[in-house]
Amino acid sequence: MRLGAALALVLLSAGVARGIEPEISSDVRIDLVGLLERLSGDPGAARNPVSDAAVEHFAPWAAHPAIVHLAGMRRGGFSGAVPAQYALYLTTSPVLREALPVPSFFVERAGGRAVLDAWLAELSDFVRASGFLEWERARAAAREEELASVRAASGGEDLGAPLTRLLGARPWSSWNAVVSPFFPPGGSAAWIVEETSGRPAVFTVYGPTWRSRGPGQPPHLAADEPVRFAECVLPEAAFVMAYAVYEVCRPVLRAAPNVCDVASSGSSEDCVHRHWVRSIVHRLLKDRWGRRAAKEHRKRWPGGSRQAQADAALDSYASDRVRYPDLMDARGILSAPFLEGHAPECRLVDRSRWQEQLYSRRLASYLDARLELRPDEELEAARRELAAARAEGRK
């Protein structure tokens, strides 16, 4: 290994000394929307001792407009992970407000801006009228038990360090596994909050697990296996870099028709993201827990021949980190399996795209992560120019 590459790896190791990631915590906003999903009859809401007791406690408010309204929005598409994802944009004060610009995705799913605003006002009223925050405070001891069970499931593993080493950069500002009893066991809703002033924040909602003690015995909190925890929480952090790579290559990356070998929801772009991320997770599981764990992951997410090609591209990247210091540097070989023809020549810095919000945001986050570890005068100048252009665009 050349001296420059060796030095980069030393800097990378030093740059990720930030404590164990993801951080396992609770979030009152996630509990709130999870409770309302359960009260509104959402079939996907978790059924367990805490959730059942909450239904009984909040029964007097079962007909509250916030609950009735949520049931109606669910029929229109504001369902599944969407309410929890939206909650990440809200303040935590009793009067709920949007603290960050909300993607149009949520407005469309809710049925329009007026509908979403009305529900937000109803949420605030539910919090006040039902004493939700007092209930949250009263269950502090039970919450600590839930957090402890998920910390045990994590096995004390620092997933952030190996993921950062594989990606070649740490493109997120924070990474959180949010524990809530209103969501199914294991990984549930996940989202990347990009609408911040710096690098994005990553969230995965993780439902604690209850297991039966035996016939006639109440269920008790139990820890999952660390490999299951890792499999659930790694993908969303890996998506941060996958999104950045795709965005840089968007002008020339035209995915081939039927890019997915198996039935898949979403666009061809979504499919490419998923293939990249599954290759990343597969490799990390194999490195830490061995071939058997990686094989089980691949059985759950097969992906067909395209996935095998994506795995091979990631292997090529990982075997030549001198040539490819980070995943962005390997964007050509990563894109090749999903194209008709040759791999594209993706321009990392394209000043003609400065005013494209998504490109400028994701490029800025990537440049911050890259320059944190590897100084580069040309890219530093581009970062300053991009920051000025973004500031001008916000005026």
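The values are calculated or read from the model by the stated rules, or taken from the named source; none is laboratory data. For clarity, every value in this text was computed on a predicted model and none was experimentally measured. FYI the Cβ positions are ideal-geometry reconstructions off the backbone, even for glycines, and counts take in every protein chain you see.
Would you mention how many residues in the stretch 367-395 are outside any helix (DSSP H, G or I) and either over 20 Å from PRO171 (Cα atoms) or in contact with a helix residue (DSSP H, G or I) (Cβ under 7 Å, 6 or more places away or on another chain) (or both)? Before you say what the answer is, go through the steps one by one.
Quick first cut of the stretch 367-395, residues outside any helix (DSSP H, G or I) only: 374-376, 394-395.
Narrowing further to those that are either over 20 Å from PRO171 (Cα atoms) or in contact with a helix residue (DSSP H, G or I) (Cβ under 7 Å, 6 or more places away or on another chain) (or both): 374, 394-395.
Residues in the stretch 367-395 being outside any helix (DSSP H, G or I) and either over 20 Å from PRO171 (Cα atoms) or in contact with a helix residue (DSSP H, G or I) (Cβ under 7 Å, 6 or more places away or on another chain) (or both): 3 in total.
I'd like the full set of residues that are among the β-branched types (Val, Ile, Thr) and farther than 25 Å from HIS220 by Cα, limited to the stretch 116-152. Quick ask: steps written out before the conclusion?
Step one: of the stretch 116-152, the residues among the β-branched types (Val, Ile, Thr) are 127, 150.
Of everything in the stretch 116-152, just one residue is among the β-branched types (Val, Ile, Thr) and farther than 25 Å from HIS220 by Cα, namely VAL127.
Only one of (1) at pLDDT below 95; (2) crowded, with 16+ Cβ neighbours inside 10 Å is not met by ARG361, so which one is it?
Just one mismatch for ARG361, condition (1).
From the list PRO43, PRO60, which one is assigned to a helix (DSSP H, G or I), exposed (fewer than 13 other Cβ atoms within 10 Å of the Cβ) and outside the structural domain of GLY187 (by TED's automatic domain parsing)? So that I can check it myself, show each step before the final result.
On the way: PRO43 fails: assigned to a helix (DSSP H, G or I).
Of PRO43, PRO60, the one residue that is assigned to a helix (DSSP H, G or I), exposed (fewer than 13 other Cβ atoms within 10 Å of the Cβ) and outside the structural domain of GLY187 (by TED's automatic domain parsing) is PRO60.
Checking PRO302 against (1) more than 23 Å from the chain's Cα centre (by Cα); (2) not in a helix (DSSP H, G or I): exactly one of these is not met. Which one?
Here PRO302 clears every test but (1).
Restricting to the stretch 369-382, name every residue that is crowded, with 17+ Cβ neighbours inside 10 Å and either in contact (Cβ under 8 Å) with a residue 60 or more places away in the chain or under 25 Å from the mean Cα position of the chain (by Cα) (or both).
ALA369, ARG370, LEU373, ARG374
Tell me the strands (runs of 3 or more DSSP E) entirely within the stretch 177-235 that contain at least 1 residues that are among the β-branched types (Val, Ile, Thr). It would help to see each step written out before you state the result.
Working: elements: 186-193, 201-207, 209-211, 220-222.
Counting at least 1 such residues, we get 186-193, 201-207, 209-211.
So, in the stretch 187-201, of the ones that are of a type in the set (Gly, Ala, Ser) and surrounded by fewer than 19 Cβ atoms within 10 Å (Cβ to Cβ), which residue ends up modelled with the lowest pLDDT? Before you say what the answer is, go through the steps one by one.
Kept after step one, since they are of a type in the set (Gly, Ala, Ser), are these residues of the stretch 187-201: 187-190, 197-198, 201.
After this cut, where a residue has to be surrounded by fewer than 19 Cβ atoms within 10 Å (Cβ to Cβ) as well, the list is 197-198.
Numbers: SER197: 86, GLY198: 90.
For the stretch 187-201, the residue satisfying everything is SER197.
Search the stretch 241-256 for residues that are in a helix (DSSP H, G or I) and pair each with any residue that is modelled with pLDDT under 85 and not hydrophobic (A, V, I, L, M, F, W, C) when their beta-carbon atoms are under 7 Å apart and the residues are at least 6 apart or on different chains.
Hits for this filter: CYS249/PRO344.
List the number of the failed condition for ALA118; all other conditions in (1) farther than 30 Å from ASP224 by Cα; (2) modelled with pLDDT under 95 hold.
Tallying (1) farther than 30 Å from ASP224 by Cα; (2) modelled with pLDDT under 95, ALA118 fails exactly one: (2).
Being in the same structural domain as CYS260 (by TED's automatic domain parsing), crowded, with 16+ Cβ neighbours inside 10 Å and either touching a Lys or Arg at 6+ places or on another chain (Cβ under 9 Å) or part of a helix (DSSP H, G or I) (or both) narrows it down to one of ARG321, ARG274, so name that one.
On the way: ARG321 fails: either touching a Lys or Arg at 6+ places or on another chain (Cβ under 9 Å) or part of a helix (DSSP H, G or I) (or both).
Of ARG321, ARG274, the one residue that is in the same structural domain as CYS260 (by TED's automatic domain parsing), crowded, with 16+ Cβ neighbours inside 10 Å and either touching a Lys or Arg at 6+ places or on another chain (Cβ under 9 Å) or part of a helix (DSSP H, G or I) (or both) is ARG274.
Would you check if PRO83 is modelled with pLDDT under 95, of a type outside the set (Ser, Thr, Tyr) and under 19 Å from LEU133 (Cβ atoms)? Walk me through it before giving the result.
Working: modelled with pLDDT under 95: no; of a type outside the set (Ser, Thr, Tyr): yes; under 19 Å from LEU133 (Cβ atoms): yes.
In short, no.
Here is a check on your reading of the model: is ALA63 modelled with pLDDT of 95 or more and of a type in the set (A, V, I, L, M, F, W, C)? Outline the logic, then answer.
Working: modelled with pLDDT of 95 or more: yes; of a type in the set (A, V, I, L, M, F, W, C): yes.
Considered against the rule, which asks whether it is modelled with pLDDT of 95 or more and of a type in the set (A, V, I, L, M, F, W, C), ALA63 comes out as yes.
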